[in-house]
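The values are calculated or read from the model by the stated rules, or taken from the named source; none is laboratory data. Since this is a predicted model, take the numbers as computed values, not measurements. Methodologically, a virtual Cβ is constructed for each residue, glycine included, from the backbone with ideal geometry; neighbour enumeration extends over all protein chains shown.
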Ligand code: AMP
Ligand code: ZN
């Protein structure tokens, strides 16, 4: 029975989806104004574990994960660079998905972009104006918090006059608001100013929060099961999403909320603004593997803080190497026919412990401990030549079940697909363009080790399997 902590109720409940066998979930994605850092990826990898574990439990999952491709930083940076928003965000979106795939995350079913959903945002704002939850001031549209008495139910913030619901990325203070807590839904822009969209209530651009109300309800319905994101989004972002959505529909927005704790570095939150961050790319350049980065980021349960250290990453590197070797050893072990009942029970025990840990508020640390115990036990049995043919199947089956959730054992060679090869070749081209010949040679060797032969031709790089 899956139980986890719901931020909305501040307690642990059994998970009961709205519709039997189905889960509809929304996770706030990145703002694509730069490369995502590994703190962002900690939250996103939890999202991946969440969807994979729900699938493991037999649910049919619809996962929506948005890209925020419009906000003040994007607008400012695009203007500085003298390019359009789309031109500015395109390379970061491309880089984001490359990192996302390299970190072994499954692509969500729907990955909408804010700029493609402005009409849906306008429709919600129009509804909020009509039912008295929003008002116009100086051409901009604000959410009227006094019209939504439940405001604050998620974050439980006590307003003392200093905190505003609009302490977000939109500069609301320039305009007159009825109440300091009111936040911008739509910001007026001039006739020729870009970016701007026409709406009945005037040309403007959306505030930050309205996009997630629009994209979640469009793809998941007015009420859906689960909404997640990093801890910092609880207020004001998620609080405002609830106010907008429930204010417009009069219905419960999301039944369960999960907030991930921060990745820290030297006990300070990793963030762009503090400058104390590493991107996935930084760590790759230093030679760390995607698998080790993934392992480290998922190794601590999501509601606990994780302090990043290079020692920790190095240890993760050895751990994933050990897991990969283990699977290979088991696969290649020469086993006599037959089965040992104690191995059957070890594998079963590990699966039961794994599931019990994950059912307990996604306790990834305890779930990993179950996997490591099994590896230790089976290693001993293999050393004693006790592993029989049927045992091997059971152990490999247990590993693939664990790995359908964690994705930390690495791909088997047969899973090394054309796409992966193309990605590495592209990375090698990039390395050569930037005269990083060490990396380009490394990639050639990595491919050679997998039996992929590269040929540089005048039309580019060709490859074939040996
Ligand atoms: P952003 O790109 O700023 O919109 O953030 C994307 C996601 O990363 C949000 O869910 C944030 O809460 C989350 N996030 C930002 N910094 C960290 C961090 N240091 N650790 C974990 N999650 C983070
Ligand atoms: Zn959001």
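When each of 347, 357 is tested for being in contact with a helix residue (DSSP H, G or I) (Cβ under 6 Å, 6 or more places away or on another chain) and free of Cβ contacts under 8 Å to residues at least 24 places away in the same chain, the lone residue that passes is 357. Restricting segment 252-285 to residues that are out of contact with any helix residue (DSSP H, G or I) (no Cβ under 8 Å at 6 or more places or on another chain) and over 21 Å from residue 45 (Cα atoms) leaves a set whose member that is farthest from ligand 1 (Cβ to nearest atom) is 255.
For the residues 128, 185, the requirement of being surrounded by 18 or more Cβ atoms within 10 Å (Cβ to Cβ), more than 24 Å from residue 76 (Cβ to Cβ), in contact with a strand residue (DSSP E or B) (Cβ under 6 Å, 6 or more places away or on another chain) and modelled with pLDDT of 95 or more singles out 128. Out of 229, 190, one residue alone is closer than 25 Å to residue 98 by Cβ and either within 13 Å of ligand 2 (Cβ to nearest atom) or surrounded by fewer than 16 Cβ atoms within 10 Å (Cβ to Cβ) (or both). It is 229. Candidates are the residues of segment 88-116 that are in contact with a strand residue (DSSP E or B) (Cβ under 9 Å, 6 or more places away or on another chain) and assigned to a loop (DSSP other than H, G, I, E, B); the one that is surrounded by the fewest Cβ atoms within 10 Å (Cβ to Cβ) is 107.
For segment 221-243, how many residues are within 18 Å of the chain's Cα centre (by Cα) and either assigned to a loop (DSSP other than H, G, I, E, B) or touching a residue at least 40 places away in the same chain (Cβ under 8 Å) (or both)?
Initially, segment 221-243 is screened for residues within 18 Å of the chain's Cα centre (by Cα), giving 225-234, 237-238.
Checking the rest, the ones that are also either assigned to a loop (DSSP other than H, G, I, E, B) or touching a residue at least 40 places away in the same chain (Cβ under 8 Å) (or both) come to 225-230, 233-234, 237-238.
Adding up the residues that qualify gives 10.
Could you run through segment 357-385 and say how many residues are outside any loop (DSSP other than H, G, I, E, B) and surrounded by fewer than 17 Cβ atoms within 10 Å (Cβ to Cβ)? Explain how you work it out, then say what you get.
Within segment 357-385, the subset outside any loop (DSSP other than H, G, I, E, B) is 357-360, 364-383.
Of the ones still in play, those that are also surrounded by fewer than 17 Cβ atoms within 10 Å (Cβ to Cβ) are 360, 365-366, 369, 372-373, 376, 379-380, 383.
Total meeting the criteria: 10.
Residue count for segment 232-251, restricted to those that are under 18 Å from residue 150 (Cβ atoms), out of contact with any helix residue (DSSP H, G or I) (no Cβ under 7 Å at 6 or more places or on another chain) and within 12 Å of ligand 2 (Cβ to nearest atom): 7.
Going by the conditions given, is residue 198 more than 16 Å from ligand 1 (Cβ to nearest atom), farther than 17 Å from residue 65 by Cα, modelled with pLDDT of 95 or more and buried (at least 21 other Cβ atoms within 10 Å of the Cβ)?
Working: more than 16 Å from ligand 1 (Cβ to nearest atom): yes; farther than 17 Å from residue 65 by Cα: yes; modelled with pLDDT of 95 or more: yes; buried (at least 21 other Cβ atoms within 10 Å of the Cβ): no.
Answer is no for this residue.
May I ask you to verify whether residue 7 is within 16 Å of ligand 2 (Cβ to nearest atom), crowded, with 16+ Cβ neighbours inside 10 Å and outside the structural domain of residue 113 (by TED's automatic domain parsing)?
Yes; evaluated as a whole, the condition is true for this residue.
The strands (runs of 3 or more DSSP E) falling completely within segment 6-84 that include 3 or more residues that are under 21 Å from residue 302 (Cα atoms) and touching a residue at least 24 places away in the same chain (Cβ under 8 Å) map to 22-27, 60-65.
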